[in-house]
Amino acid sequence: MTAQTELAPAEVHPSDPALLAQVLRPYKDHCKYLLSADVSLTSGRASASAEFAIPESCYIDDTGHLNAVEVNICYNQMMYYLVAKSVEQGLLEEFKSWTMEDYWRHQLPDILIARFNSNFRTPINPRSFSGEMEFVSVTRRAPGGRKPFLVAETSYRYRDADGGRCDGEATLAFVNIT
């Protein structure tokens, strides 16, 4: 454990059920896996600690473990909530000019997963597990004078009570941000 991870978060924002419901509104009812998420800001890095439950897979017979599609859906839900809370609370410099109306306008069409990598260590029980993600970096780019966009490097991990583990990294692109 490094000294940075031993420090208490500078800011903690407990899960907000009303905001969570709005963030998950685009999902079909049987695909709303994110139950709660606390958001923290430590040393300029925003992160989320979340609880999930997948009572039944939305697309396949029960595999008995968290699978790659569900990992991606859970990541999306956790990431959308982390971005929404970051905008609402003004946590990250790159989103400080955004209003919540900007977030709702950008949520689906303009937040893209450019790269997604998962490492499955041991099977995770999808009925009850936790997850974490953090923004490792967020940079503004405007290559060749084109429209600016944000690139966010993120990391994530999932665990269950029986030692199940999965982790990975994802690169996000926030386009049409002006």
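Might you check whether a residue that is within 16 Å of the chain's Cα centre (by Cα) and on the phi < 0 side of the Ramachandran plot occurs anywhere in the stretch 59-68? Yes, that holds for at least one residue. When the residues of the stretch 12-38 are filtered to those that are more than 15 Å from residue 53 (Cβ to Cβ) and open to solvent by less than 70 Å² (accessible area, probe 1.4 Å), the one that is farthest from the chain's Cα centre (by Cα) is 18. Is it the case, given these coordinates, that residue 91 is part of a loop (DSSP other than H, G, I, E, B) and of a type in the set (A, V, I, L, M, F, W, C)? Yes; evaluated as a whole, the condition is true for this residue.
Residue 124 meets the stated requirement of being over 27 Å from residue 94 (Cβ atoms), in contact with a strand residue (DSSP E or B) (Cβ under 6 Å, 6 or more places away or on another chain) and of a type in the set (A, V, I, L, M, F, W, C).
Results for (1) under 14 Å from the mean Cα position of the chain (by Cα); (2) at pLDDT below 95, shown as yes or no for each residue.
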position	(1), (2)
71	yes, no
79	yes, no
83	yes, no
88	no, no
93	no, yes
96	no, yes
101	no, no
105	no, no
108	yes, no
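Exactly one residue out of 160, 102, 110 is buried (at least 18 other Cβ atoms within 10 Å of the Cβ) and acidic (Asp, Glu): that is 160. Does the stretch 57-77 include one or more residues that are free of Cβ contacts under 8 Å to residues at least 40 places away in the same chain, among the acidic types (Asp, Glu) and open to solvent by 70 Å² or more (accessible area, probe 1.4 Å)? Yes, some residue in the stretch 57-77 is free of Cβ contacts under 8 Å to residues at least 40 places away in the same chain, among the acidic types (Asp, Glu) and open to solvent by 70 Å² or more (accessible area, probe 1.4 Å).
The values are calculated or read from the model by the stated rules, or taken from the named source; none is laboratory data. Computed from a predicted structure; not experimentally measured. FYI the Cβ positions are ideal-geometry reconstructions off the backbone, even for glycines, and counts take in every protein chain you see. Protein only, heavy atoms only, side chains kept; ligands, DNA and RNA dropped before computing areas. Shrake-Rupley method; radii C 1.70, N 1.55, O 1.52, S 1.80 Å.
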